[in-house]
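The values are calculated or read from the model by the stated rules, or taken from the named source; none is laboratory data. What you see is a predicted model, and the numbers here were worked out from it, not measured in a lab. Here Cβ is always computed from backbone atoms with ideal geometry, including for glycine, and neighbour counts include all displayed protein chains.
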Amino acid sequence: MVVAHNGAVSSEPHPRSTAPPQPTPDDVRLVIVTGMSGGGRRTAAHALEDLGWYVVDNLPPIMVPQLHDTVRAEGMTRLAVVLDVRGRTLFEDLPGVFAELEASGTTPEILFVEATDDVIVSRQESSRRPHPLQGDGRLLDGVRRERELLATLRAAADLVIDTSHMNVHQLTSRVTHAYSGTPDRLRVTVLSFGFKNGLPVDSDMVIDVRFLPNPHWVPELRPQTGLSQPVSEYVLRQPAAGPFLQQLEDLMVRVAEGYLTENKRFATIAIGCTGGKHRSTAMAEEFGRRLRALGMPTRVMHRDVGKE
């Protein structure tokens, strides 16, 4: 029964009285954006917002389930919440919050952004803002306290992004690749790097291709990178290159199945050589091409090209 504007009672349903179907809890994708101060949380959040996610910043963790229910009632399906250590005592509520969400059928994903201590200190000094945990001590003391406080959350993260060697555009691109598609396919980042510059701390697997002949010792190839055709051809035509890539491809097919079964939607595969200029770059490009041919959304990045 519907009461008309003139006060009359009508048995006809009002044309706007049928609410749109609400998504089930499984349809609501919730991402917790967290990590180190100066690591790039805001940039990551803006990237998600540009993708159409509903983003809320600096929300007390205990309010996340209520927000999730509100967003769900409005028919939205993608929610991102930015959490940081400004409410450090409230972080103690997180295990209970996650348990409550999982009991309702939603498993939160964690996106954790970080950088090395020296990079974070440099960024904080450039912004001329004190670290939230600095107190009366040095800025570096605050950074180290924050890293300790977030250690458990980082260990549980679905995706860790080390922004030490990234600018804002590269971080935006990485977040866009990870969260722009449907969550039912493993999204892969293939990252070339040089061992002499350190291991990528955000990698899920590290592949060493230093067993291949090094183009560095070929005078005409030395100034080029693995992105050039001559270097790429030199690396890929080595007898061991093709079989090795095939083994990696077979491995990723098996790993992808297991990751998705365990609700892990992202994988970062780091391929390294000595300097990250020739062999790792060429192999990363070819491996990325092969994964895309298998239907895996794959993005290739080169951490150390141009550093030599």
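Per-residue answers, yes or no, for (1) within 30 Å of Q170 (Cβ to Cβ); (2) at pLDDT below 50; (3) within 18 Å of the chain's Cα centre (by Cα); (4) not in a helix (DSSP H, G or I):
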| site | (1), (2), (3), (4) |
| --- | --- |
| P15 | no, yes, no, yes |
| A19 | no, yes, no, yes |
| T34 | yes, no, yes, yes |
| E49 | yes, no, yes, no |
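Six or more apart or on different chains, Cβ under 8 Å: which pairs go from a residue in region 31-49 that's free of Cβ contacts under 8 Å to residues at least 60 places away in the same chain to one that's β-branched (V, I, T) and outside any helix (DSSP H, G or I)? Could you list them?
R42/V82; A45/V33; A45/V55; A45/V82; E49/V55
Counting only residues that are within 11 Å of the chain's Cα centre (by Cα) and under 26 Å from V253 (Cβ atoms), give me the strands (runs of 3 or more DSSP E) lying completely in region 152-225 with at least 3 of them.
159-162, 187-194
Can you tell me which of Q238, Q247 is assigned to a loop (DSSP other than H, G, I, E, B) and modelled with pLDDT of 95 or more?
Working: Q247 fails: assigned to a loop (DSSP other than H, G, I, E, B).
That would be Q238, the only listed residue that is assigned to a loop (DSSP other than H, G, I, E, B) and modelled with pLDDT of 95 or more.
For G7, only one of the following conditions fails: (1) at pLDDT below 90; (2) in contact with a Gly (Cβ under 8 Å, 6 or more places away or on another chain). What is its number?
Result: G7 fails condition (2) only.
Could you please give the count of residues in region 98-117 that are at pLDDT 90 or above and either small (G, A, S) or crowded, with 22+ Cβ neighbours inside 10 Å (or both)?
So the count comes out to 6.
Quick check on region 222-229. Is at least one of its residues on the phi > 0 side of the Ramachandran plot and touching a Ser or Thr at 6+ places or on another chain (Cβ under 6 Å)? Before you say what the answer is, go through the steps one by one.
In the first step, residues of region 222-229 are kept if they are on the phi > 0 side of the Ramachandran plot; the result is none.
Checked against the condition, which is being on the phi > 0 side of the Ramachandran plot and touching a Ser or Thr at 6+ places or on another chain (Cβ under 6 Å), region 222-229 yields no hits at all.
For region 97-117, which residues satisfy the criterion of being over 11 Å from G38 (Cα atoms) and either part of a helix (DSSP H, G or I) or hydrophobic (A, V, I, L, M, F, W, C) (or both)? Step through it out loud before you land on a result.
Filtering region 97-117 down to residues over 11 Å from G38 (Cα atoms) leaves 97-112.
Scanning region 97-117 gives V97, F98, A99, E100, L101, E102, A103, I110, L111, F112.
With V64, V28, V81, V55 as the choices, which residue is of a type outside the set (D, E), surrounded by 14 or more Cβ atoms within 10 Å (Cβ to Cβ) and at pLDDT below 90?
Answer to the check: V28.
Going by what's in this entry, would V143 be described as buried (at least 18 other Cβ atoms within 10 Å of the Cβ), closer than 30 Å to T274 by Cα and either modelled with pLDDT under 90 or not assigned by TED's automatic domain parsing to the domain that holds T268 (or both)? Break it down stepwise before answering.
On the way: buried (at least 18 other Cβ atoms within 10 Å of the Cβ): yes; closer than 30 Å to T274 by Cα: no; either modelled with pLDDT under 90 or not assigned by TED's automatic domain parsing to the domain that holds T268 (or both): yes.
No, not satisfied.
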